[in-house]
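One structure is given below, represented as structure tokens, and several questions about it will come after.
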Amino acid sequence: MDLSEKPGMNGVLTIELLDTSGALVEQRRVNNLITTAGKQLLANLLMGKVNALPTRWAIAVGTGVEAANVADTALKTKVDEAVDPSPKVELLTRDGTSVVRATVSATLPVPTLAANDKPQALSEAGIQITQGNGTAPILFNRVQFAQVNRGANMVMKMTWEITF
């Protein structure tokens with residue numbers, strides 16, 4: 001992590017495609033945007049204006065090809081998601097500069113595809129945050145990226161770093 005990045009809140013998604021033996025096949029890092037709903041959630045939490053803290057963090061993936069927009073409230077075409085049961089927060093300091101980094105990680109297992117099915121052509125992702133029971137997830141951030149083909153022999157590991 002480069003602590004000299006621009007100030008403010010920033011997010012970077014690292015996508016790793018692994019074969020079934022765990023060997024890295026492909027890796028990408030893509031910047032994303034924080035949605036208006038995500039910023040609103042943080043502000044409401046900071047000001048004590050919400051009744052329920054987040055209870056579930058998941059990374060969702062989809063096949064949507066539209067550019068990410070701050071007004072997005074859901075992925076364009078959600079295909080799958082994986083939950084991070086314990087996202088982490090850490091303080092990083094280097095050369096007198098400090099940032100707080102929140103990390104959400106999730107792994108999508110090998111997809112269940114029939115013998116003649118094509119790989120999943122994934123091109124969007126976002127963190128979905130659920131508060132309390134029965135509430136709709138909030139799309140905290142979203143990114144649209146060049147297509148990643150997740151085949152029947154591919155595990156997809158995703159790590160999202162959000163820095164403040």
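Go through (1) surrounded by fewer than 13 Cβ atoms within 10 Å (Cβ to Cβ); (2) under 19 Å from Leu42 (Cβ atoms); (3) not hydrophobic (A, V, I, L, M, F, W, C) and name the single condition Gly126 misses.
That leaves (1) as the condition not met.
Does Ser123 qualify as being in contact (Cβ under 8 Å) with a residue 60 or more places away in the chain and hydroxyl-bearing (Ser, Thr, Tyr)?
yes
Would you mind finding the one in Ala121, Ala136 that is open to solvent by 10 Å² or more (accessible area, probe 1.4 Å) and closer than 28 Å to Thr55 by Cβ? Reasoning before the result, please.
Working: Ala121 fails: closer than 28 Å to Thr55 by Cβ.
Going through Ala121, Ala136 in turn, the sole match is Ala136.
Please go through the range 4-24 and give me each residue that is closer than 22 Å to Leu108 by Cβ and within 20 Å of the chain's Cα centre (by Cα), ordered by number.
Matches in the range 4-24: Gly11, Val12, Leu13, Thr14, Ile15, Glu16, Leu17, Leu18, Leu24.
Are there strands (runs of 3 or more DSSP E) fully within the range 1-116 with at least 2 residues that are open to solvent by less than 40 Å² (accessible area, probe 1.4 Å), out of contact with any Lys or Arg (no Cβ under 6 Å at 6 or more places or on another chain) and at pLDDT 90 or above? List them.
Result: 10-19, 24-34, 54-62, 78-84, 97-108.
The values are calculated or read from the model by the stated rules, or taken from the named source; none is laboratory data. None of these values were measured; they are calculated from a predicted model. Methodologically, a virtual Cβ is constructed for each residue, glycine included, from the backbone with ideal geometry; neighbour enumeration extends over all protein chains shown. Keep in mind that these areas ignore ligands, DNA and RNA; they rest on the heavy atoms of the full protein, side chains included. Shrake-Rupley method; radii C 1.70, N 1.55, O 1.52, S 1.80 Å.
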